[in-house]
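Here's the structure, in structure tokens; my notes come after.
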Amino acid sequence: MNYDINKIVSYSRGLRLLYVEDDLPARVATKAVLEEFFDHIEEASDGLEGVKIFKNGNFDLIITDINMPRMNGLEMIKRIRKESPDIPILILSAHNESEFLISSISLNVEGYLLKPIELEQFLEIMSRVAEKLNLKEEAERNLNLLQQYLEVTDAGNIVSKTNHKGIITYVNDAFCKISEYSKEELIGKPHNIVRHPDTPKSTFEQMWQTIKERKEIWQGVIKNRTKNGKFYYVQTTIKPILDKNGEIIEFIALRNDITDIMNPRKQLNDLINSCRETVVVLIKIEGFEYIEKFYGHTLTQELEERFARKLMEHIPKEFKFERVYQLGNGEYAFAKDKKICTHKADFIKEQLKKFHDRINEEGITLGEIDYDITVLVSFSYGKDALENAKSGLKELIEKKQDFIIAENLVERDHKLAQKNIQTLKTIKKAIENRKIICHFQPIINNKTLQVEKYESLVRLIDEEGKTLSPYFFIETAKRSKFYAKITSMVLESAFRALDRTDKKISINLSALDLEKRSSRKEIFRLLKLHKEKAHRVVFELLEDENVKDFEQIKSFIKRVKSLGVKIAIDDFGTGYSNFERLLDYQPDILKIDGSLIKNIESSQLSLSLVKTVVNFAKEMGLETVAEYVENERIFNIIKDLGVEYSQGYHFGKPEPL
């Protein structure tokens, strides 16, 4: 005896049994025995009833007699096998009927019992039945788990299968979504349909060696390309599926989209952070924002990607850069560890200049259109190479240049930042102690040589008592919240000066001042407070190409002029000098740019420009003021040209009024 009675009884208690017997006494007697093993028993009196009950129930085991009216046991088994080929069936008969036994074998019955049931024989058969049902349940459980695993895998991964030659045989919906291809477009195609040319050939060589030759799992990151040319990164696992002889049947690949994780900027930073010193080349398409606006996002994106490939083709091979980092917004980078770079800086510079010129000359073709593209190149090497190169790009844009060897710019910027912080502290302290004051420089009538006005000029007195001109702090202040407070204090000081002199007071205002609602409000408050003296106020407006709201400024000018205020355009004659803007502002005075005046003795161009400005002003009925009148010779020249007023050290420095 190689079975455990308690285990069989425990297992059979949970089974549903269909018992078919036409002989009532025999059925009652046998059922009494069966109830010791089964808690759930359904009875049928013949084969026809047995089929009917089976169809309406959910049974694990059938025990049946053979000789029965209407439908015998064998016929019933045939019918049931059509519905359930695997259900265990036991035949219970009072006779050893050999012809029935042979027929029952062909029907794949589980066993043959004689009436009355012998316990030993029944337990032995039930042991086999339990084992079979256990295996079936385990297989169903495993199949169910496998199905759920497949669903989870399918839902959480990008899945594909290929045959042993790499031809796609299956893709899931996630694969289609990320690649932008339909299943019909993918199945039957080689897997390189989504391969991106940026992925090195060595990656695929190593992958095939792993999965095909060694028949092992391969894992790695692959850059792929969508149907529309966009790229994406996938963390990939590929497993060869083998038959029982160890031969490859197919390959199954699971992928996860890591495009966001594999952001080129992050990859570039990862490389930089892994090296003590690096070689970095930053490239920017000049005026990229206008290209994107002109051609649209989709075409510009395609152009960017095409240009990245062009850069990779043309970057000098001697540098052995492995890839180009496409940073977006028309910016690209090449980088490598400096310790594996054998070239001197002069050689790199020379080669990069040639590369730069070649790229600018060739442009790029997309479809039928040739795009004229110019680039800025910033090159740096050593420690902080990336940050230096970034600072180099900014400097190229500011200075309107196109190539730079960016050395020690980070250190320079750091020192500048420290200086700015210290300047802001000085400004803050000066505001708190009301050490933002005005000095006043006289403006002379060239005919009478009398002072007719004063220009109010801001000064800052630091903690050591030193007086600082705007050169040392005003640009820094403009980048902070302190600028509005400085403007307010200057306005207050300038308007108070109206009470200490009967001369006109000229006050400098920038576009930044006029675009701030708080500053405009303060100006009109002071004009109302000093309305009897408003006719002695002159607002000097600095020419500025960065004005955001012309209408706001025009409205301001119109309103203050209605209160008797005069408008002067400062530094006129160089720089922006938009004559159309001049007509919009309708000024009363033109202050000729000091750079023209101080060079007027030696520069024929300066002399001609000043003469032109004076003639223009006379035709427009405007007064002219020459700044930087430093000596008698300059004064005589500008007076002979017809300039009406002079301002400069020849007549007086800025001082407290």
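The values are calculated or read from the model by the stated rules, or taken from the named source; none is laboratory data. Just so you know, these numbers come straight off a predicted model, no measurement behind them. Cβ atoms come from the backbone with ideal geometry, glycine included; neighbour counts cover every protein chain shown.
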**Item:** Those residues of the range 169-214 which are of a type in the set (A, V, I, L, M, F, W, C), closer than 15 Å to R225 by Cβ and more than 25 Å from the chain's Cα centre (by Cα), in sequence order
**Value:** L186, I193, F204
**Prompt:** Any idea which of E475, E455 is buried (at least 20 other Cβ atoms within 10 Å of the Cβ), among the charged types (D, E, K, R) and within 19 Å of D570 (Cα to Cα)?
**Reply:** E455
**Request:** List every residue pair whose Cβ atoms sit under 7 Å apart, with the two residues 6 or more apart in sequence or on different chains, where the first one lies in the range 62-91 and is assigned by TED's automatic domain parsing to the domain that holds G50 and the second, anywhere, is part of a loop (DSSP other than H, G, I, E, B) and surrounded by fewer than 17 Cβ atoms within 10 Å (Cβ to Cβ).
**Result:** I66/E97; L74/L107; I77/L107; K78/L107; R81/L107
**Message:** When the residues of the range 403-432 are narrowed to those that are touching a residue at least 12 places away in the same chain (Cβ under 8 Å) and closer than 18 Å to E464 by Cβ, which ends up surrounded by the fewest Cβ atoms within 10 Å (Cβ to Cβ)?
**Reply:** K429
**Request:** Could you check how many residues of the range 554-579 are closer than 14 Å to L509 by Cα and modelled with pLDDT under 85?
**Result:** 1
**Asked** among the aliphatic types (A, V, I, L, M), under 24 Å from R306 (Cα atoms) and surrounded by fewer than 15 Cβ atoms within 10 Å (Cβ to Cβ) - does that describe any residue in the range 183-204?
**Response** yes
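What do you reckon, is F524 among the aromatic types (F, W, Y) and outside any helix (DSSP H, G or I)? Reasoning before the result, please.
Values: among the aromatic types (F, W, Y): yes; outside any helix (DSSP H, G or I): no.
No, not satisfied.
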**Asked** In the range 225-243, what residues are of a type outside the set (D, E, K, R), buried (at least 17 other Cβ atoms within 10 Å of the Cβ) and under 26 Å from M312 (Cα atoms)?
**Response** F231, Y232, Y233, V234, Q235, T236
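Residues checked against (1) in contact (Cβ under 8 Å) with a residue 60 or more places away in the chain; (2) under 24 Å from A385 (Cβ atoms); (3) exposed (fewer than 12 other Cβ atoms within 10 Å of the Cβ):
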| position | (1), (2), (3) |
| --- | --- |
| N245 | no, no, yes |
| T259 | no, no, no |
| K266 | no, yes, no |
| E277 | yes, yes, no |
| V281 | yes, yes, no |
| Y290 | no, no, yes |
| H297 | no, no, yes |
| L303 | yes, no, no |
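Please find, within the range 252-262, the residue that is farthest from P240 (Cα to Cα) out of those that are within 19 Å of the chain's Cα centre (by Cα) and modelled with pLDDT of 75 or more.
Quick first cut of the range 252-262, residues within 19 Å of the chain's Cα centre (by Cα) only: 256-262.
Filter once more, so that each one left must be modelled with pLDDT of 75 or more: 256-258.
Values: N256: 18, D257: 21, I258: 23 Å.
Restricting to residues being within 19 Å of the chain's Cα centre (by Cα) and modelled with pLDDT of 75 or more, the top hit is I258.
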**Failed criterion for K320 (all others in (1) more than 27 Å from A174 (Cβ to Cβ); (2) crowded, with 19+ Cβ neighbours inside 10 Å hold)** = (2)
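Just to be sure before I move on: is D23 under 14 Å from L92 (Cα atoms) and either in contact with a helix residue (DSSP H, G or I) (Cβ under 9 Å, 6 or more places away or on another chain) or in the same structural domain as N108 (by TED's automatic domain parsing) (or both) in the structure I sent? Working first, answer last.
Details: under 14 Å from L92 (Cα atoms): yes; either in contact with a helix residue (DSSP H, G or I) (Cβ under 9 Å, 6 or more places away or on another chain) or in the same structural domain as N108 (by TED's automatic domain parsing) (or both): yes.
So D23 fits the description; yes.
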**Item:** Matching option when the condition is in a strand (DSSP E or B), modelled with pLDDT of 85 or more and buried (at least 17 other Cβ atoms within 10 Å of the Cβ), among I249, I222
**Value:** I222
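Considering each of L514, L491 in turn, give the residue that is more than 14 Å from T423 (Cα to Cα) and without any contact (Cβ under 8 Å) to a residue 40 or more places away in the chain. Step through it out loud before you land on a result.
Details: L514 fails: without any contact (Cβ under 8 Å) to a residue 40 or more places away in the chain.
Every option except L491 fails the conditions.
I'm checking my understanding of the structure. Among residues of the range 511-541 that are of a type outside the set (A, V, I, L, M, F, W, C) and touching a Phe, Trp or Tyr at 6+ places or on another chain (Cβ under 9 Å), which one is nearest to V565 (Cα to Cα)?
Going through the range 511-541, the residues of a type outside the set (A, V, I, L, M, F, W, C) turn out to be 513, 515-522, 525, 528, 530-533, 535-536, 540.
If we keep only those that are touching a Phe, Trp or Tyr at 6+ places or on another chain (Cβ under 9 Å) too, we end up with 513, 516, 520, 530, 533.
Values: D513: 17, K516: 19, R520: 14, H530: 11, K533: 9 Å.
It comes out as K533.
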**Request:** Restricting attention to the range 235-281, report how many residues are of a type in the set (K, R) and touching a helix residue (DSSP H, G or I) at 6+ places or on another chain (Cβ under 9 Å).
**Result:** 3
**Asked** helices (runs of 4 or more DSSP H) wholly in the range 577-657 with at least 1 residues that are under 30 Å from I436 (Cα atoms), touching a residue at least 24 places away in the same chain (Cβ under 8 Å) and in contact with a Leu (Cβ under 8 Å, 6 or more places away or on another chain) - which ones?
**Response** 579-585
**Message:** Looking for something out of contact with any helix residue (DSSP H, G or I) (no Cβ under 9 Å at 6 or more places or on another chain) and surrounded by 16 or more Cβ atoms within 10 Å (Cβ to Cβ) - is there at least one such residue anywhere in the range 367-390?
**Reply:** no
**Asked** In the range 464-488, how many are among the small types (G, A, S) and either touching a residue at least 24 places away in the same chain (Cβ under 8 Å) or touching a Cys at 6+ places or on another chain (Cβ under 8 Å) (or both)?
**Response** 4
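Using the structure shown, decide if N360 is surrounded by fewer than 20 Cβ atoms within 10 Å (Cβ to Cβ) and on the phi > 0 side of the Ramachandran plot.
Values: surrounded by fewer than 20 Cβ atoms within 10 Å (Cβ to Cβ): yes; on the phi > 0 side of the Ramachandran plot: no.
It is false that N360 is surrounded by fewer than 20 Cβ atoms within 10 Å (Cβ to Cβ) and on the phi > 0 side of the Ramachandran plot.
Tell me yes or no: at least one residue of the range 130-147 is modelled with pLDDT under 85, touching a strand residue (DSSP E or B) at 6+ places or on another chain (Cβ under 9 Å), part of a helix (DSSP H, G or I) and not assigned by TED's automatic domain parsing to the domain that holds R214. So that I can check it myself, show each step before the final result.
Step one: filter the range 130-147 for residues modelled with pLDDT under 85, giving 130-147.
If we keep only those that are touching a strand residue (DSSP E or B) at 6+ places or on another chain (Cβ under 9 Å) too, we end up with 133.
With the extra rule that they be part of a helix (DSSP H, G or I), the set shrinks to 133.
Still in the list and also not assigned by TED's automatic domain parsing to the domain that holds R214: 133.
Yes, some residue in the range 130-147 is modelled with pLDDT under 85, touching a strand residue (DSSP E or B) at 6+ places or on another chain (Cβ under 9 Å), part of a helix (DSSP H, G or I) and not assigned by TED's automatic domain parsing to the domain that holds R214.
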**Asked** Quick one: how many residues across the range 507-533 are closer than 17 Å to E551 by Cα, touching a helix residue (DSSP H, G or I) at 6+ places or on another chain (Cβ under 7 Å) and among the charged types (D, E, K, R)?
**Response** 4
